[in-house]
Amino acid sequence: MEPISHEFKARSRQSLDDPVLQSALKNLATGFVDSRRKCAEALPEFEALRDLGTEICDHALANLDFYLRRYEEQVTASGGHVHWASTSHDACRIATDICRRANAKKIIRGKSMIGEEVGINDALEEAGFETVETDLGEYILQLAKEPPSHIVAPAIHKSKDEISDLFQKHHAAHGLTERQTERRALVQEARQVLRQAFVSADVGITGANFLIADTGSNIIVTNEGNGDLTCTLPRVHIVTAAIDKVIPSVEDAMVLLRLLGRSATGQEITAYTTFTTGPKRDNDSDGPEEYHVILVDNGRSTMLGNEFREMLRCIRCGACMNHCPVYGSIGGHAYGWVYPGPMGSVLTPMMAGLDKAIDLPNACTLNGRCQEVCPVRIPLPKLLRVHRTRQYEQRIGSGVFRFGLGIWAFFAAHPAVYHFGTRVIMAVMGALGRRKGVFRRMPLAGGWTQARDLPAPQGKTFQAAWRERQREKE
Amino acid sequence: MTSARDEILARVGKAIGREEIDPETEACLAKRLRHLPDQIRPQWGDDPIERFISKLRAVAATVDVVETDADVATSVSAFIQKNDMPLAVAMAPDSRLDCFPLPDDLKISRRNAVADDVTSITAAEAGVIETGSLVLRSGPKGPTGMNFLPENHIVIVRQEQLVNHLEDGWRCAQETSNRVPRTVNFITGPSKTADIEQTLEYGAHGPKRLHVILVGAQKAPDR
């Protein structure tokens, strides 16, 4: 999809007024956040595993040239093919070519963020293929023609009623005309419809949670089992994965898997963790005849060489957005591209352009919760500040904002002027606000006082009060 | 014209500050592949068999513990009766399953599962005590479709097949020929989804029920 991150402010306002979304976000704050905490507390080794996981990712990135080559060798040795894509466009072209060569008609997909990033569905449909998303959340969004709003729970913003309507409208073609209202019945109906897609598809496309250099395997982690059917039943299996997904060995993968489920949904392990290596073997009674991997760069080799390398440790668990107060208020669609929340605010400006996503690095309170819960300890607030600095240096953003920042910089750089100014302001505000104790309105802070009152200061600055206290102590 | 592969590898090399990998570094990295230096694995104090069972039950799998091979039939019958399932199963063409007598009234097809099979029976390569996971591998004896297509999946695992950690489970799934199988599944509970209003439902695409028969345990803990 085309990034629309420049609409961030308008879309945020819409999100705040969307009751369905707001109730879903409230559930998220209790659901994923609580289960993650419980799961982390139940494992005494969790913090040590986070350190080790961080080390493993750093090691893999620092030696990515070696591991990419080893991975390619091993995939080839197991009978698979590796394709390299510098850009989204290349990745789509390669996937389309594979499907054409295979004389495919119907293509099924297992949920993958890289697929969303490169826009693989649109490309395949433009080329005349029929594509069906098989992850229930992604399937719902495909029917609704909407992008995901969370990287783990893509349809989190959809209510059961909306899903009932969508199924009734689209499943009539399958002879299912009754409007289902129970969750169980909806899941059952989707199972029935998608089962047909599974058995009739020619090509299955999945992502990969990890790629293993030592064995040439890819790992996919699901709870539904859709990924497994996608890579088992069709005669061609295509894996789309970013180059930073390569890790050295199965042992390394197990460390990261112990972090992934716990951080994402608070599960020790998901229902299905699957290692796939090459096409079916000679005597196997099922599995695909062809196995292809499309390795996508799309700006990652640039990030590897600059201050954003640490972002490439990301294992896409979604913990940062689950714990983000900004995401928790506006949901994923406001961010305007496939990656929302803190990780998205770091990635989107890198991939879509810093000038196309001006608001994202600034839509952050720098409270640091994302970094606190990130399983591979990515310093997300620091990386967001790097974007802010770059925006300022490249003169991106509104003139008013830069002007205000300039004024602030002047005061910050002249302490005497700053102290004098704040003393005057505090004294005036203290005197004006003495009677009510609060200000209902404040010039230049209308947005802030719209939802709350500003407490009146006591008349002295913090520094002055501090000095007095120190003197009293002596 | 250089290929996309060479371009990407050149950019990666530039980003990490080397055009080529010197032989010494390469040897070091190859050695690391064989041995991860720092091992941290979850530890536990509770009884391993009880832990395995309780981990599985915690994710809504049913577990029967039986003493002998002959007892497997009883567990299969009870599971089928309790859930009102048809008396027909697809059973993996795996000779390790031959020793288990099954109920006489059960129609048994020794083949891969098809889309409308209701129940399958397979043999696990291992059970992982750490997580309660069953390890299954693809091959002529164990088609992967059996683990996902039917609504009910019965997995038989022997007590001596229980191993401590996920890493051990992976090793058990390897063939002697040193060749990685096409598919290794770690299965921990039935298929589920929370994609509708963050509420759990079972049987999204894979089995609605996972029934594990643990054979050979001396003491059958209370259910």
Completion exercise
Counting only residues in the stretch A:256-306 that are in contact (Cβ under 8 Å) with a residue 60 or more places away in the chain and of a type in the set (Asp, Glu), the one farthest from the other protein chains (Cβ to nearest Cβ) is identified as A:Glu290
Practice task
Answer yes or no: is there a residue in the stretch A:293-300 that is aliphatic (A, V, I, L, M) and either in contact with a Phe, Trp or Tyr (Cβ under 7 Å, 6 or more places away or on another chain) or in a loop (DSSP other than H, G, I, E, B) (or both).
Solution key: yes
Handout entry: Residue match in the stretch A:370-392 (condition: of a type outside the set (A, V, I, L, M, F, W, C) and at pLDDT below 90)
Key = yes
Practice task
Go through the stretch B:130-144 and give me each residue that's over 10 Å from the mean Cα position of the chain (by Cα) and surrounded by fewer than 24 Cβ atoms within 10 Å (Cβ to Cβ).
Solution key: B:Gly139, B:Pro140, B:Lys141
Fill in the blank from the handout: In the set B:Glu67, B:Glu50, the lone residue that is more than 14 Å from every other protein chain (Cβ to nearest Cβ), closer than 28 Å to A:Gln267 by Cβ and surrounded by fewer than 20 Cβ atoms within 10 Å (Cβ to Cβ) is B:Glu50
Exercise for the section: Scan the stretch A:131-145 for residues that are touching a residue at least 60 places away in the same chain (Cβ under 8 Å) and assigned to a loop (DSSP other than H, G, I, E, B) and jot them down. Expected result: A:Thr134, A:Asp135
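Do we have A:Asp202 as facing chain B (nearest Cβ under 7 Å), touching a Pro at 6+ places or on another chain (Cβ under 8 Å) and modelled with pLDDT of 95 or more here?
no
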Practice task
Inspect the stretch A:250-268 for any residue being buried (at least 24 other Cβ atoms within 10 Å of the Cβ) and assigned to a loop (DSSP other than H, G, I, E, B) and give the result as yes or no.
Solution key: no
Exercise for the section: Only one of these is modelled with pLDDT of 95 or more and assigned to a helix (DSSP H, G or I): A:Asp165, A:Asp161. Name it. Expected result: A:Asp165
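Just a yes or no: is a residue in the stretch A:309-323 without any contact (Cβ under 8 Å) to a residue 60 or more places away in the chain and in contact with a helix residue (DSSP H, G or I) (Cβ under 7 Å, 6 or more places away or on another chain)?
Within the stretch A:309-323 (the criterion being without any contact (Cβ under 8 Å) to a residue 60 or more places away in the chain and in contact with a helix residue (DSSP H, G or I) (Cβ under 7 Å, 6 or more places away or on another chain)), the answer is no, since none of the residues qualifies.
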Problem - Members of the stretch A:442-454 that are modelled with pLDDT under 85 and in contact with a helix residue (DSSP H, G or I) (Cβ under 8 Å, 6 or more places away or on another chain) - result: A:Met442
Exercise for the section: Could you tell me whether any residue of the stretch B:55-68 is part of a loop (DSSP other than H, G, I, E, B), at positive phi and of a type in the set (A, V, I, L, M)? Expected result: yes
Problem - Members of the stretch B:70-102 found to be more than 14 Å from every other protein chain (Cβ to nearest Cβ), in a strand (DSSP E or B) and under 21 Å from the mean Cα position of the chain (by Cα), listed by number - result: B:Val89
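Restrict the check to the stretch A:270-290 and report whether at least one residue is out of contact with any strand residue (DSSP E or B) (no Cβ under 8 Å at 6 or more places or on another chain) and crowded, with 23+ Cβ neighbours inside 10 Å.
yes
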Handout entry: Long-range neighbours under 8 Å by Cβ, at least six apart or interchain, first residue under 30 Å from A:Ser5 (Cα atoms) and more than 12 Å from chain B (Cβ to nearest Cβ) within the stretch A:149-176, second of a type in the set (D, E, K, R) and buried (at least 16 other Cβ atoms within 10 Å of the Cβ)
Key = A:Ile151/A:Arg316
Practice task
Among the residues of the stretch B:4-46, write down those that are of a type in the set (Gly, Ala, Ser) and more than 7 Å from chain A (Cβ to nearest Cβ).
Solution key: B:Ala10, B:Gly17, B:Ala27, B:Ala30, B:Gly45
Handout entry: helices (runs of 4 or more DSSP H) wholly inside the stretch A:37-130 that include at least 1 residues being away from every other protein chain (no Cβ under 14 Å) and either modelled with pLDDT of 95 or more or touching a Ser or Thr at 6+ places or on another chain (Cβ under 9 Å) (or both)
Key = A:88-101, A:113-118, A:120-126
Exercise for the section: Would you point out the residue of the stretch A:217-247, among those that are more than 8 Å from every other protein chain (Cβ to nearest Cβ) and of a type in the set (S, T, N, Q), that is farthest from A:Leu312 (Cα to Cα)? Expected result: A:Thr230
Exercise for the section: Kindly establish whether A:Lys106 is free of Cβ contacts under 8 Å to residues at least 12 places away in the same chain, surrounded by fewer than 19 Cβ atoms within 10 Å (Cβ to Cβ) and closer than 25 Å to A:Thr222 by Cα. Expected result: no
Exercise for the section: Answer yes if at least one residue in the stretch A:460-467 is surrounded by 11 or more Cβ atoms within 10 Å (Cβ to Cβ) and under 24 Å from A:Leu354 (Cβ atoms), and no otherwise. Expected result: no
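The values are calculated or read from the model by the stated rules, or taken from the named source; none is laboratory data. Predicted model, so just to flag it, every value in this text is computed and none were measured. We place every Cβ from the backbone using ideal geometry, glycine too, and count neighbours over all the protein chains shown.
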